[in-house]
Amino acid sequence: MDGSSYEDGQPLAAGRIGAGLITPVLLAGGSGTRLWPVSRARFPKQFVPLLGDESLFQAAARRFDAQGFAAPLIVTGEDFRFLVTEQLD
């Protein structure tokens with residue numbers, strides 16, 4: 001056993017790294033130029049509900065709301081901190 005796929009002689013459960021949960025990292029920001037006029041500098045495309053009622057950011061966060069995942073680490077700029085918080089509520 002090399003320790004990379006077993007813990008205490010037992011196979012690791014799917015969706016786990018070692019004994020901890022997977023911590024997803026969501027990158028949220030941008031300049032809002034490629035999908036203009038829908039996407040703007042203050043409201044980039046990942047925050048716009050393009051395909052239904054939820055934004056691309058919300059859909060990505062929802063995918064990690066499952067067993068085996070810790071709360072996501074969200075990397076964003078100061079301009080989007082309140083928008084991120086609002087979309088996660």
#### Entry: Unique match (being within 17 Å of the chain's Cα centre (by Cα), at pLDDT below 70 and surrounded by fewer than 16 Cβ atoms within 10 Å (Cβ to Cβ)) among Gly15, Gly77
Gly15
### Task
For region 40-65, name all the residues that are of a type in the set (A, V, I, L, M) and touching a residue at least 12 places away in the same chain (Cβ under 8 Å).
Val48, Leu50, Ala60, Ala61
### Task
Read through the list (1) at pLDDT below 85; (2) more than 16 Å from Gly77 (Cβ to Cβ); (3) not hydroxyl-bearing (Ser, Thr, Tyr), then give the number of the only condition that Gly29 fails.
(2)
### Summary
Over region 58-83, the set of residues in contact with a Phe, Trp or Tyr (Cβ under 8 Å, 6 or more places away or on another chain) and under 21 Å from Leu21 (Cβ atoms) is Pro72
### Query
If you go through region 50-62 one residue at a time, do you hit one that is farther than 17 Å from Gln87 by Cβ and either modelled with pLDDT under 90 or of a type in the set (Val, Ile, Thr) (or both)?
no
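The values are calculated or read from the model by the stated rules, or taken from the named source; none is laboratory data. Just so we're clear, the structure is a prediction, and the values are computed from it rather than from any experiment. Here the Cβ is made from the backbone with ideal geometry for all residues, glycine too, and neighbour counts use every protein chain on show.
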